[in-house]
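Written out below as structure tokens is the structure these notes cover.
Each reported figure results from applying straightforward, stated rules to the coordinates on display, with no laboratory input. Not measured: the values here are computed from a predicted model. Every residue, glycine as well, gets a Cβ built from its backbone with ideal geometry; the counts of neighbours run over all protein chains shown.
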Amino acid sequence: MATDTNPATPAGTPKTAGSTGTSALSLTGASKTFGPVVALADGTIDIRPGEIHALVGENGAGKSTLVKILAGLYVPDGGDFKVDGQSVAFKTPADSKAAGISVIYQEPTLFPDLTVAENIFIGRQPTGRGGLINRREMRRQARELFATLGVPIDPDRIAEGLSIADQQIIEIAKAISLDARVLVMDEPTAALSGVEVERLFGVARALREKGAGILFISHRFEEVFALCDRITVMRDGKYISVHTTADVTVPEIVKEMVGRELGALFPKEVAEVGETVLSVSNLNRAGVFSNISFDVKAGEIVALSGLVGAGRTEVARAVFGVDKYDSGTVSMFGKPLKAHSPQAAIAAGIGFVPEDRRKQGLVMELSVAKNATLTLRNTLARFGLISGKRELRAAEDWSKRLQVKTASQDYAVSTMSGGNQQKVVLAKWLATEPKLLIVDEPTRGIDVGTKSEVHRLLSDLAGRGIAIIMISSELPEVLGMADRILVMHEGQISAEIARDDATAELVMNAATAATTTEPIKGAVR
Amino acid sequence: MSTTTTSHEEKTGAGHAIRSFLRGREIPVAGALIALIIVTSIINPRFLSPQSVKDLMLNATIVIILAVGQALVIITRNVDLSIGSILGLVAFGTGTLFNAFPGVPIPLVFVLGMVFGAVLGTINGLLVTSAKVPALVITLGTMYIYRGILSSWAGSKQYFSGDNPPEFGALSVDVFLGIPIITIVAIVVVIAVGFFMHSVRSGRDLYAIGSDPDAARLFGIAVSRRVIAAFLASGALTGLAGVLYTSRYNSVGANTGYGLELDVVAAVVVGGVAIAGGTGTVYGAAIGAILLSTITGALTATRVDKFWQQAIVGVLILSAILVDRIVSIRSAKKLRVSEARDV
């Protein structure tokens, strides 16, 4: 209970800073698979007390899975996990917390209805006589924490309505009050402004002085190099290397992050490029994206690349009319499209395959046939009634063309694998014979075999003169499939790269804006 | 910590208490209740006669206890629709007990009634947490199952208050400081549970769970265990209400408590407990229960058609939800403002 009564003092007894004898935390060869999908093949990280350790890698390199293992959310399938030299096997987040690991997620996880103070201390509120919560003490400690952090947040206000930055600070206050020995920060700076980032770094350095080990995950190299002592690189779910920051350069790290062979996995064939299908000019939405202008021509695959949260999906949703935009125009074949109307977009020939198939693309409980023909109900209906036979025939036709593997068209979609689900979504839109297809992360969570099938399909569609916008976080996919790459960074298009000029480094640099001072080679903008 | 700082803390502490009191969702409900009483007593001064006040208290008692239990469950983002059936089972069980063992000690009857209710509530909790199906559906099912069991157990049999020991019936007649004994029981329940929810860690956990179940799990709160406990407590309080029901009303039988669950959910929502969980207090739920039962009395006293009573309850529920929406829209606006500042 000692930590309960005085959690406001960070690390009550200072641990020997920088002692390199044992690791604060070490994970070796951890693996995690979900069915056929390998999320993590070799998760290896070693965090010493009194160091700030960066973990870098592309989207999908397995960083999040590794964090979830550290947090006790995932139980690893294999590997060796030690905290302070002792083997551990976390089953719940509570186990991880008890071992002194605190995780700050990219998306803060606060209780919106509870006060700020209570959010920090929930489950371990300072208690007085008879085990009753001492609210005054709780507020005092919260205020003290915020004073240490240099942020005046009213501990009595409820968490709902706080800015992301403030929520992040509360998460940090929570971690400090827990007296964490290992603090994991998963892209904590993604939503912060310059001043707030500096403040966060100050806190991180202070914690390092007190002997805590910090794992810092970020896509911003300037931050990684400014803050961290060592850097671990991951790629394709595997540990690649660990470096002392002083001995390594940004290009070397980038090379290790992206370096892999681009094989026959991405069979994009050059298709004849036709007339302009979609043209977007000066699309703006305050705080989300700005000055977005681009064209897509028939037979072309244009990749929207960039980091998660750069605004790619938001742009696509605005083009399709699901979300509003503040200004700008979207035209199909030169004709302006009514804003904020998916019906108008569908009528103009746009198809949209969303990222989250389960939530937006499929009705999981309906059969394959029903799902595949959901967008066709009007054409299939006769006198307002939908004939089951016609529905089945249309579905069978497309399922055959896409090679959907299912025992029967009547099976519920939820029983199928991710790859086959994706094909059903594609079937659903292809049946409407779109002129422009927007696919958001078409191969996320799909095993390698089905992946190349989806790629073959997209290439095939482009060959038939369909214009395709492909949003993808996977660099090899972007480089292999796209005729042109638009890279987004913080709501803007930071580079437009032609297929022949595209390299992994170029795209990565534009996405992280690591070289904002020098012009990006090959960039049109 | 220097003394000056301490006094500063105390000052802000007191200020905080007043502020949070005024911010509370209970205030509009309590205001509506007071306004209702004032208006009614102007139209009909006899509304505040001692006998009439006593009747008002007696009528509110059962619903108050049920509302407190229901509030515990709703705060965790669940709901218990089976409480009417549980109350019926316990009430009929109480009648049966007195009939079979006329000399059974009354405190034992209370204990047995609450244990019976707790068992039925725990079944709800176990089903809700293990089946991962919304509580609305699960407890709708147990509502019919419990009612079916009661119907086949009771058949057409009824127990009348005359069959019970006179001391038992006296609980609903005798007063202490002008307050009926069973109403005192209800007041004690409200204060005890209200205190628990405000000042004990596991009580606060219930709010956290209702506010964001996933975050609660991430935080290592034993979500399932707490939710089961909430259903257990609701069942036990419903059991208590069932025993008191037998003392208060003339007869208990297969239809006892029929339809009561919706009145109780209405009272809880009107009392400022958000149906989506996370906010509200049992004090609010209790005031909501008093408000709804007082409306019945007030409409009788002012000779308004009984029909309007239900319509007015409906209006109250909608205004409670409206107030809730306005509050959340306002905080959404605040969010936008604070984010704009950050940019």
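Annotations
- The range B:48-104-the range B:209-248 distance, computed between alpha-carbon centres (Å): 16 Å
- Interatomic Cα distance distribution for chain B, bins of 20 angstrom, percent: 29, 55, 15, 1
- Helical content alone sets the calculated 222 nm signal of chain B at -26000 deg cm²/dmol, taking -39,500 (n - 2.57) per DSSP H segment of four or more residues and averaging over every residue.
- Residues within the reach of a label modelled at B:Glu167 (point 7 angstrom out along Cα to beta-carbon, backbone nitrogen below 16 Å), restricted to the range B:180-203, are B:181-182.
- The mean sequence distance of close C-alpha pairs (under 8 Å, at least 6 residues apart), as a share of the length of chain B, puts its relative contact order at 33 percent.
- Average partner coverage of B:266-279, which counts Cβ from other chains inside 10 Å: 1
- Under 5 Å, built H, 5+ apart or other chain: amide partners of A:Ile104: A:Val184, A:Met185, A:Asp186
- 22 Å Cα-Cα threshold exceeded, pairs from A:Lys400/A:Lys423; A:Lys32/A:Lys63; A:Lys174/A:Lys238; A:Lys63/A:Lys428; A:Lys91/A:Lys210; A:Lys428/A:Lys451: A:Lys174/A:Lys238; A:Lys63/A:Lys428; A:Lys91/A:Lys210
- Distance from the Cα centroid of the range A:205-243 to that of the range B:148-196 is 65 Å (rounded to whole angstrom).
- Inter-probe distance in nm under a simple model that places probes 7 Å from Cα toward Cβ, at B:Ser224 and B:Phe195: 3.3 nm
- Under 15 Å from a label point set 7 Å out along the Cα-to-Cβ vector of A:Gln492, the amide N atoms of the range A:293-315 belong to A:293, A:310-311.
- Inter-chain Cβ neighbour count for B:208-219, averaged per residue, equals 6 (cutoff 10 Å, partner chain atoms only).
- Coil-residue trypsin sites (Lys or Arg not before Pro) of the range A:27-103, DSSP, other Cβ within 10 Å capped at 11: A:Lys91
- The range A:219-359, Cα convex hull volume normalised per residue, Å³: 170 Å³
- Highest mean first, the peptides A:268-278, A:200-210, A:453-463, B:290-300 sorted by other C-beta atoms within 10 Å per residue fall in the order B:290-300, A:453-463, A:200-210, A:268-278.
- Dimensionless Rg/Rh of the range A:62-169 - Kirkwood Rh, Rg from C-alpha atoms: 1.04
- Residue-wise HN-Hα coupling along the range B:53-61, computed from phi with Karplus coefficients 6.51, -1.76, 1.60 (Hz; x: Gly, Pro): 5, 4, 4, 4, 5, 4, 5, 7, 3
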